[in-house]
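Accompanying notes for the structure given below.
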Amino acid sequence: MRMYLSRVCARALFGLVVFAASVSAVAAQTTVTLNQSRSQVVYATLRAGAYANTNYPTVLTTRAADTADSHRHGLLKFDTQNTIPAASAVTSALLTVTVKSGGATAPRTIGVYQVTTSWAETETTWNRRRTSAEWMTDGGDLGSLIAQRDVSNVAGTKYTFDVTPLVKQAVAGSLGSSRYTRVALVDLDAASGDSTRNFYTPDDSNPALRPTLTVVYGKPASAPAPAPVTSSTTTLRVLDWNSHHGGVGTDGKLDADRFMKKAASFKPDIVSINEVERFTSHGNYDGPAVMAGLMKKYTGQTWYYKFTTATGAATGNGNLILSRFPFDATDIQLLSHSRAAVNAAIHVNGRSINFVSTHLDADSTSYRL
């Protein structure tokens, strides 16, 4: 086992990065409207059951169906990275969609969720976000519920969702490796024989019918000043530990309880654990969930966690972030040579901290670079 404990860790082996950012005063307000297909927004629909590996990049549909084959989520990704300057102060962000057709006459509650991992329009399915990477959770890696509306089946009816909190984080760069705004449209009501809601897509010839993200932001009057390292007496205690397949000790025995009891004894605030196993031959259990539960057992606190395998698949060996602070956002970034980084953003003492954990190749210098 290898264990490192410090106030702030930044080692090449595990790639931990901790930093803070601030935003200066807002100047004039600018409004940008994003609804141009491909250049500003892409979309797809995820369908479950027998169609869970089929890509649907030409429709935008939600459905909470009574059969798995008909269950659907709609995905949208808006380019807030290249259309809105970094560090801009977002004051408003409204997502508007237009109903094209629908099934049941009773309104359906449609929720807008953050999608926490990246996906490819012509590759994503119910099971996979890209051809080479699975979702952590089938049907899309859904984060926080941002907003919800009761949506009718009347064609041409528009519905607007306030997604300001999400777009603020996206533009600020708090959501991981990119500043894109990724959302999922999900039917929140009970399953029904025909709860379908079809929405007009970004490819519609009439711009007034397309999904639109309208963002109002202010350009900073000056460049953000770096947050002083010694601005607070609060200590952020960071633990980084390679667990050797989830807690195999020098005696050769796998004992997650023993491992996490020792980890908790260092009284960390946030933890990076490498070589965590999720449903593999090393114990065949959900290592991330077990480790979070054990931290609660030994500290009396709730611990939040985010995990990724080395390839982004749902099961396997990977990296885990544990935090006693709730996550503002999380993200997964796939790297080369079957490696990945897991990212989390938290607030500590009024500052946004972006924390990244990865495990680079142990044997190859070229792979590590």
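Residues that are touching a residue at least 12 places away in the same chain (Cβ under 8 Å) and in contact with a Gly (Cβ under 6 Å, 6 or more places away or on another chain) occur in the range 287-294; there is at least one. Filtering the range 71-100 to residues that are in a strand (DSSP E or B) and free of Cβ contacts under 8 Å to residues at least 12 places away in the same chain leaves nothing. So, ARG278, is that one in contact (Cβ under 8 Å) with a residue 24 or more places away in the chain, under 30 Å from VAL167 (Cα atoms) and either outside the structural domain of LYS168 (by TED's automatic domain parsing) or not hydrophobic (A, V, I, L, M, F, W, C) (or both) or not? When the stated conditions are applied, ARG278 does not pass them. Inspect the range 333-346 for any residue being of a type in the set (Val, Ile, Thr), outside the structural domain of LEU142 (by TED's automatic domain parsing) and either modelled with pLDDT under 85 or assigned to a strand (DSSP E or B) (or both) and give the result as yes or no. The answer is yes; a qualifying residue exists. Within the range 159-175, one or more residues are of a type in the set (Gly, Ala, Ser), outside any helix (DSSP H, G or I), touching a Ser or Thr at 6+ places or on another chain (Cβ under 7 Å) and in contact (Cβ under 8 Å) with a residue 12 or more places away in the chain. Selection within the range 203-229: residues that are in a strand (DSSP E or B) and at pLDDT 95 or above. The member of this set that is surrounded by the fewest Cβ atoms within 10 Å (Cβ to Cβ) is THR214.
For every residue, the table says whether it meets (1) out of contact with any Cys (no Cβ under 9 Å at 6 or more places or on another chain); (2) within 25 Å of TRP119 (Cα to Cα); (3) small (Gly, Ala, Ser); (4) buried (at least 22 other Cβ atoms within 10 Å of the Cβ).
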position: VAL290; (1), (2), (3), (4): yes, no, no, no
position: TYR298; (1), (2), (3), (4): yes, no, no, no
position: LYS306; (1), (2), (3), (4): yes, yes, no, yes
position: PHE327; (1), (2), (3), (4): yes, yes, no, no
position: VAL342; (1), (2), (3), (4): yes, yes, no, yes
position: HIS347; (1), (2), (3), (4): yes, no, no, no
position: ALA362; (1), (2), (3), (4): yes, no, yes, no
position: THR365; (1), (2), (3), (4): yes, no, no, no
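Test SER338 against the stated conditions and say whether it is surrounded by fewer than 23 Cβ atoms within 10 Å (Cβ to Cβ), at positive phi and of a type in the set (Gly, Ala, Ser). Yes, satisfied. Scanning the range 180-202 for residues that are in a loop (DSSP other than H, G, I, E, B) and more than 26 Å from LYS168 (Cα to Cα) yields ASP189, ALA190, ALA191, GLY193, ASP194, SER195, THR196.
Looking across the range 162-179, just one residue is surrounded by fewer than 20 Cβ atoms within 10 Å (Cβ to Cβ) and in contact with a Lys or Arg (Cβ under 6 Å, 6 or more places away or on another chain), and that is GLY173.
The values are calculated or read from the model by the stated rules, or taken from the named source; none is laboratory data. Every value quoted in this text rests on a predicted model; they were computed, and no experiment measured them. Using ideal geometry, Cβ is built from the backbone for each residue, glycine included, and neighbour counts are taken over all protein chains shown.
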